[in-house]
1. How large is the translational diffusion coefficient of segment 1-43 in µm² per second when you combine the Kirkwood radius over alpha carbon pairs with Stokes-Einstein at 37 °C and 0.692 mPa s?
2. Would you work out the Kirkwood radius for segment 1-138? I mean one over the mean of 1/r across all pairs of different Cα atoms, in Å.
3. At q = 0.19, 0.20, 0.24 Å⁻¹, what is the base-10 log of I(q)/I(0) for segment 1-75 according to the Debye formula with one equal point scatterer per Cα and no solvent? Please give it to two decimals.
4. Loop only per DSSP, at most 10 neighbouring Cβ atoms within 10 Å: give me the GluC sites (Glu not before Pro) in segment 1-72, ordered by residue number.
5. Could you work out how much longer the chain between Glu61 and Asn111 gets when fully extended? Use 0.36 nm per residue separation minus the Cα distance between them, nm to one decimal.
6. Would you mind checking Lys56/Lys86; Lys47/Lys99; Lys50/Lys163; Lys47/Lys81 for any pair whose Cα atoms are more than 21 angstrom apart?
7. Counting other Cβ atoms within 10 Å, keep those with at most 13, restrict to DSSP loop, and tell me which trypsin sites (Lys or Arg not before Pro) in segment 1-30 are left.
Amino acid sequence: MKYNSLIIIPTYNEAENIEAVIKKVIDLEDKNDILVIDDNSPDGTAKIVKDLNNEKIFIIERESKKGLGSAYVEGFSWSLKNNYQKIIQMDADLSHDPKEISPMLNLLESNDLVIGSRYEGGLRVINWPIRRLYISYFANIYARIITGVPVKDLTAGFKAWTKDALERINFHECSSQGLSLIHI
């Protein structure tokens with residue numbers, strides 16, 4: 001560990017985007033390490049990450065496609081084991097803007113969890129087909145109605161956590177292989 005904040009980026013077939021995402025994170029003035037968790041991408045994503053040869057970048061190469069949920073669980077465990085104080089999870093497909101990392105880290109000074117919503121203050125979605133946008137948007141409306149939770153983007157994959165928050169929840173019991181909601 002070089003810095004006290006870690007950006008976790010799960011990957012499967014992200015060769016097209018991974019270098020750009022990593023470079024955008026590294027170009028930030030924040031001092032962040034990056035952990036890529038690759039599910040044996042046949043497109044060579046892991047090789048691209050390793051070829052970047054940067055001391056701020058760590059990679060866990062898994063032997064098979066185990067899913068997004070288990071990648072985050074593994075990343076959270078790794079972050080706690082390595083004593084990171086602030087942890088951000090984000091997608092590798094450029095749908096999450098790395099420029100939002102700094103504000104999210106700042107918000108962790110007074111919050112245990114920060115959710116980077118694609119819908120707060122207007123629509124903020126990058127590189128999504130219209131079908132995916134509609135599914136996400138209407139799924140979130142449905143989930144808000146059913147659960148009563150006032151969060152506009154319950155499916156957000158762009159989250160910032162404090163170490164203390166992760167230590168208080170039992171994320172190891174998460175059994176989802178895809179998107180999951182973790183109850184706090």
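1. Working: Rh = 11.1 Å.
So the translational diffusion coefficient is about 295 µm²/s.
2. 15.6
3. Log10 of I(q)/I(0), two decimals: -0.73, -0.80, -1.12.
4. The qualifying sites are Glu29, Glu55, Glu63.
5. Once the chain is fully extended between Glu61 and Asn111, it gains 14.8 nm.
6. Cα-Cα > 21 Å for Lys47/Lys99; Lys50/Lys163; Lys47/Lys81; rest within.
7. Details: sites: Lys2, Lys23, Lys24; in loops: Lys2.
Counting only loop positions with at most 13 other Cβ atoms within 10 Å, the trypsin sites (Lys or Arg not before Pro) in segment 1-30 are Lys2.
We did not get these values from a lab; they are worked out from the coordinates using the rules stated. These numbers come from a predicted model, not from an experiment. Here Cβ is always computed from backbone atoms with ideal geometry, including for glycine, and neighbour counts include all displayed protein chains.
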